[in-house]
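Down below is the structure, laid out as structure tokens.
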Amino acid sequence: MPRDFVHLHLHTDYSLLDGACPISWAKLKDSEGKLDLVTAIQNAGMKACAITDHGVMGGCLEFHNSMKKAGLKPIIGCETYVAPHSNEERDSSVARIKGYHLILLAKDNVGYHNLCHIISDAHTRGFYYKPRTDKEFLAAHSKGLIASSACLAGELEVAALENGYEAAKKVLYEYLDIFGKDNFYIEIMYHHLAEQKRVNKELIALAKETGVPLIATNDVHYLRREDAKAHEVMLCIQTRTTMNDERRMKMETDEFYFKNGDEMFEVFGSEVPEALTNTLAVAERCNVDIGYENHYPEYEPPAEYVATLDMNKIREEAREAAIAGIKKQKEKDGDTTEPTEEAIGYATEREIILRKTGSYLRHICLYGTGKDTVCGYLKKYGYDPFNPPEDKKADAELKLKRLDYELSIIMRTKYPSYFLCVWDFINWAKERGIPVGAGRGSGAGSIVAYLSGITDIDPIKYDLLFERFLNPDRVSPPDFDTDFCERRRQEVIDYVIGKYGADSVSQIGTYGQLKAKAVLKDVARALSRPPSDGNMITKTVPDDPKMTLSKAVKQSPELKEMLDREPWIQEIFSYAKPLEMLNRQMGIHACGVIISNQPLANLLPLGRGAHDEVITQYTAPLCESVGLLKMDFLGLRTLTVIQDALDNIYKSRGIRLDLDKISLEDPATYELLNQGDTVAVFQLESGGMQKVCRQFKVENIKHIIALLAIYRPGPMDFIPLFVGRKLGTIPVEYDHPLMEQYLKETYGIMLYQEQIMQVVQALAGFSLGQADILRRAIGKKKIKDMEAQHGKFIEGCFKTNQIPEKTAETIWEHIKKFADYGFNKSHSAAYGLLSYRTAYLKANYRPEFMAAVLTSELSNAEKLRFLINECKSSGIDILPPDVNRSDVNFTVDNGAIRFGLGAIKGFGEGASESIIKAREKDGDFKSLSDLLERTGGVLNSKAVENLIRAGAMDSFGLKRAQLVSIIEPSISSANTRRHDKEVGQGSLFDGLDGFADAGFGDVQAEDIPEFPESEILANEKDLLGFYVSGHPIAKYENYLRTFSTMNVDEIMKGKGDVGVRVGGMIKSVARKASKKDGRLFGIIQFEDLTGTVEVLAYSRTYEA
């Protein structure tokens, strides 16, 4: 066994593209035998180790958890950058402005929190080239920290090398004043560098004179000596240089690896053995334990509501509950002492908050928030639950019972404040007209969520289970994810930031890894290979987010053959393998936000995003693991489309449509679904789903919910059975009569996770919470848990219903199979409602809906072309853009859809807005000169030409060729006239009635021929994505109709199951070579009067 030693200076891969020590591969299902840091520590026989990444702490919590799990001591630290003066100084001429290096290690949790403060401040306030702190901030946050002098970039080392011994001593005493003599160590390291040898003499002498202890470190950057070259390649990736560059950043030797105790004693044991044993003493002093503690924000009910409560009674009940809770915990811990008054006081305050928020949550569910409330029982169900109509009495009793049950669980698990926090920002959004989704995930199974307005799904109507969301038998935090209108999502986030404080709200950091394709490209570039070589290799790697290099070689014969044949590819692999899956860059979670009850820097390290956003350095799961609230504010384009469609309906028809009040039994909607006319219908628009809709014959919203659940990988295999049973061609069968009640809705198939829970409850006598635990065990394939649940289920079936073991085993096997595939019914119900609403809008207000859909795809020319063809094939005319009629977006114009100015290629929203603003102010434009003068010079000649060639100025009565010919003189004339008006030098005829309307002052166009039709059509196709004035093959329409057995539109809708004959024109041909045999084949863009389709010409046809 190697001698005892602890590494106190080590860089993991959270020192991005610098440290190459992966913390643990346990997160991967198959680590493929790769070495990680935790394993290296165990192999070296060490009991502890530090993490000290460069200026960041992103890996500290993963390191802490992985080490604890392995029975090792984690030492939490960071190699910080200390600014020479203030960390707010930004003068690049100042020496060492990027900062000196300093190692900080946390002795305890106080030190950990101070380290979080230091690193957060370095990123949010002190960032200049590097995240920098300064000595003033260190002094204010030094409690609980141990510091050491770091490497050759440390201030102590720099002073010794550049200014001598006395200067170094002065620096040392500055740090001793900050941290105290007991908490500062002089750090020495040796990698066979001349400067290290020289400075170590000074440092050892300084330690002897001052009595400041030494520690020996190895500045670990990679795990094995043989990884040194791969690490060098990684530095090239970081600095965007190549291995051929003599000036590249690199380590001078291969000594920066994870050495064991014996190797470290070989270096320092003979001269300063105490520097090695002192590492053990430091490790002994460091005892950080980062556990779970609830840091959720607390909702404060309005003062006017609290004034209605009997606070004396609440305080009395709270104190009794607090004492009982403390005593119960003490009894559990074997503690016989009486609770202190301080502990009772703290617990009592918590219980008071719990009771106030619980009471207010119930009030919101029953009564909403006042006259214009968007929540409450009356708003949701239309009657007073305490004085219901005679025919609603049983209904009210059922719902109130469910409400009280859910509230009791929410109170028991202490989450009323969480529900109110979510309700608050959703209620705020709804009151301001910001579209909010009907629900998402298992939260839609809660009647509290429904009555409070968090969701729009009635869980009783759709038979949804609260226990799927908040399980009383397995308490884990609830998780509401919320969809908002994509366009206005940020308003809601800004509200949350304003409510809880900018220092208590943060976006979430993410880490991108060097995955198989990325690492091959990066290494190839670092080895000076041309981009084409990297692309050639990665094209042979299968497209799979979880693909690894080893799997790729096994799965791709072409890659294996290349690897066996080409030495340069072997070299790339030799470096790529040790770098694979290391962190490459930091990013920002697409929708996640952390909200806390205190400044986040107290709890975790913060950083800055690419656009200066505050972000957590820990990933979302790690943030949640320490008790922080993560909320997903998702932007859903469909909600924006729906809102735009509703606005279009009001503008074109004067109808204020309320989707909460539309019929869910609309015949036109179901006719549309059953025809498979579902392009742009939420989650039902794919070709496969269109086919299923036509086969299934959808009759109600529960059918839509079921289709969303079954049309996924895995359960898709059951679609023929599902359809057959629905149509009556296949009999519906149940393994036991008791199952029919729960599976009748889905024709005997366990489609939903909730059905599995209900079946287990009915057959085996489980509570719904216990049934959810069984479902999770099977779904996550936890073998031991599955075995335990299996026995309980078989036993419960016999004990509860005398079900024979053989039958119970059959049912168990079916449950096992469907638990893998079962979908969350609450989520499916919420999204099914959204699907119905979009189908309803398309069926009943098609032009308005499709105009909104087109607007949502303004930046996607290919999708616009497809959607425009869809509109035309359904009989909606598409009108060209017009500077006197068009908006920025697509609009409805007398039943047709008018092209938006913002959809013209090369014509932005700002230019469009300037035209609309001028038109709204002074009326229609009369001429090109009039438009240019009134839009204030914001339109350049190219933008004007695009407008003309797109047909947006046809209403001026001139040919497009004429308008193009006068662009430059018109711009010049407009500029002159605008300038003259600004300086008060008007024309002789300014102000006289009729002259402006007559176009006086317009540049006159010569009577020249119009552009050829082919050019006009080509311009329209290029700028708009479709032909407006005609079609190149329109004159052949009768011939094509006679010749063709089907058109492109019908093919794209999946109607061509057999060979077809279609006539049209070839737009382009892409020539390709087969990877398999090198033979040529072609990809043809083919177009007819109804649309465009991609056709593959196989080698035999293409070469003929």
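All of the numbers you see were taken from the coordinates with simple rules; none came from a lab. Remember, predicted model here, so these are calculated numbers, not experimental data. Methodologically, a virtual Cβ is constructed for each residue, glycine included, from the backbone with ideal geometry; neighbour enumeration extends over all protein chains shown.
Observations on the model:
- Each Lys and Arg adds +1 at its Cβ and each Asp and Glu adds -1 at its Cβ; summed about the Cα centre, the stretch 102-192 shows a dipole of about 200 debye.
- Here is the result for the stretch 392-446: no GluC sites (Glu not before Pro) lie in DSSP coil with at most 14 other C-beta atoms within 10 angstrom of their C-beta.
- Neighbour net charge for GLU155 - beta-carbon separation under 11 angstrom, K R +1, D E -1: 0
- Taking VAL110, VAL38 and counting other C-beta atoms within 10 Å, the order from fewest to most: VAL110, VAL38
- Mean residue ellipticity (222 nm) of the chain, computed from DSSP H runs ≥ 4 via -39,500 (n - 2.57), nearest 500: -14500 deg cm²/dmol
- Each Lys and Arg adds +1 at its Cβ and each Asp and Glu adds -1 at its Cβ; summed about the Cα centre, the chain shows a dipole of about 2360 debye.
- Positive dipole terminus of the stretch 247-369, leading residue within TYR346, GLY368, PHE258 (C-beta point charges): GLY368
- Shape call, the stretch 630-673: gyration tensor on alpha carbons, a/c limit 1.5: oblate
- Neighbour counts of other Cβ atoms within 10 Å put VAL94, VAL288, VAL6, VAL723 in the fewest-to-most order VAL94, VAL723, VAL288, VAL6.
- Burial ranking of peptide ranges 14-24, 559-569 (average Cβ count within 10 Å, highest at the top): 14-24, 559-569
- P(r) for the stretch 638-839, from all Cα pairs and a bin width of 5 Å, is 1, 7, 14, 17, 16, 12, 10, 8, 6, 4, 2, 1, 1, 0 %, short bins first.
- P(r) tail fraction, the chain - alpha-carbon pairs more than 62 Å apart, %: 22
- Short-range pairs are left out: with C-alpha atoms under 8 Å and at least six residues apart, the relative contact order of the stretch 672-741 is 22 percent.
- Note on the chain: dipole from Cβ charges, positive end direction compared against ASN1047, THR277, SER663; the farthest Cα belongs to ASN1047.
- Put in line by how crowded their Cβ is, counting other Cβ atoms within 10 Å and starting with the fewest, LEU774, LEU172 read LEU172, LEU774.
- When the charge dipole of the chain is built from unit charges on Cβ atoms (+1 for Lys and Arg, -1 for Asp and Glu) and taken about the Cα centre, the candidate among ILE75, LEU603, GLY957 whose Cα reaches farthest toward its positive end is ILE75.
- Among the listed pairs LYS392/LYS651; LYS107/LYS515; LYS517/LYS780, those whose Cα-Cα separation exceeds 32 Å are LYS392/LYS651; LYS107/LYS515.
- Neighbour net charge for ALA20 - beta-carbon separation under 14 angstrom, K R +1, D E -1: -4
- Counted charge near LEU280, where neighbours are those whose Cβ lies closer than 12 Å (Asp, Glu -1; Lys, Arg +1): +1
- With one equal scatterer per alpha carbon and no solvent term, the Debye-computed log10 I(q)/I(0) for the stretch 857-1024 at 0.11, 0.13 1/Å reads -0.48, -0.66.
- Ordering of 218-227, 46-55 by burial proxy (mean other Cβ atoms within 10 Å per residue, highest first): 46-55, 218-227
- Over 30 Å between alpha carbons, listed pairs LYS356/LYS430; LYS726/LYS825; LYS546/LYS842; LYS393/LYS702: LYS546/LYS842
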